[in-house]
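Values quoted throughout were computed directly from the atomic coordinates according to the rules given, and no laboratory measurement underlies them. From a predicted model like this one, the values you see are computed outputs, not experimental measurements. Backbone-built Cβ (ideal geometry, glycine too); neighbour counts: all protein chains shown.
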Amino acid sequence: MNMDKKYRKKLNAEFLEMKPLMGVLTILNNAENKIFIKEGIDLRSLSNRIRFELNNGLFDNRNLQSDWIRLGEESFVFENAIIVPWEENKIIDYKKRVQKVKNDLQEEQSKLKNIY
């Protein structure tokens, strides 16, 4: 029992030390050379949420949603395109930083692919 408490305390401390994976998520439609770009403070949650919404017909980008239904999940690749590193002991507006990185990537990709 005592070991369980120590182990639980250790796991809790590790959880509190975890930093979110921030940056830009891309969803590439390989069949039609289209790309969806979205920024996020927690890319794991963002990816899971978008995949869930697409699989259930709930995604707010109608063009991507219809392509997802028509082509199937196997035609799309989710990628954490840019990771914004967490910086200790600094006060940073990560939402602004991630938004800027997304805008830069979107501008770059618009020359190569169709943007959703």
Extending each Cα 7 Å along its Cβ direction at R97 and Q109, get the distance between those two points in nm, one decimal.
-> 2.1 nm
For E87 and R49 in one chain, what is 0.36 nm times their gap in residues minus the Cα-Cα distance, to one decimal in nm?
-> 11.1 nm
Student exercise, segment 19-115 dipole from Lys, Arg, Asp, Glu Cβ charges, in Debye to nearest 20 = 200 debye
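Run the numbers for K5 and N33: contour at 0.36 nm per residue of separation, minus the present Cα-Cα distance, in nm.
On the way: separation 28, 0.36 × 28 = 10.08 nm, distance 5.20 nm.
Once the chain is fully extended between K5 and N33, it gains 4.9 nm.
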May I ask what percent, to the nearest 5, of DSSP beta bridges between residues of the chain are antiparallel?
-> 90 percent
Quick one: order I27, I69 by neighbouring beta-carbon count within 10 Å, fewest to most.
-> I69, I27
Would you give the gap between the C-alpha center of segment 85-115 and the C-alpha center of segment 1-45, rounded to a whole Å?
-> 17 Å
Across the chain, how many lysine pairs, 8 or more apart or on two chains, come within less than 17 Å at their alpha-carbon atoms?
-> 13
Which of the peptides 98-104, 7-13 is most tightly packed, and how do the rest follow, judged by the mean count of other Cβ atoms within 10 Å per residue?
-> 98-104, 7-13
How many Å³ per residue does the convex hull of the Cα positions in segment 1-110 occupy?
-> 136 Å³
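For the peptides 46-57, 85-96, what is the packing order when you average, over each peptide's residues, the other Cβ atoms within 10 Å and list the highest mean first?
Result, highest mean Cβ count within 10 Å first: 46-57, 85-96.
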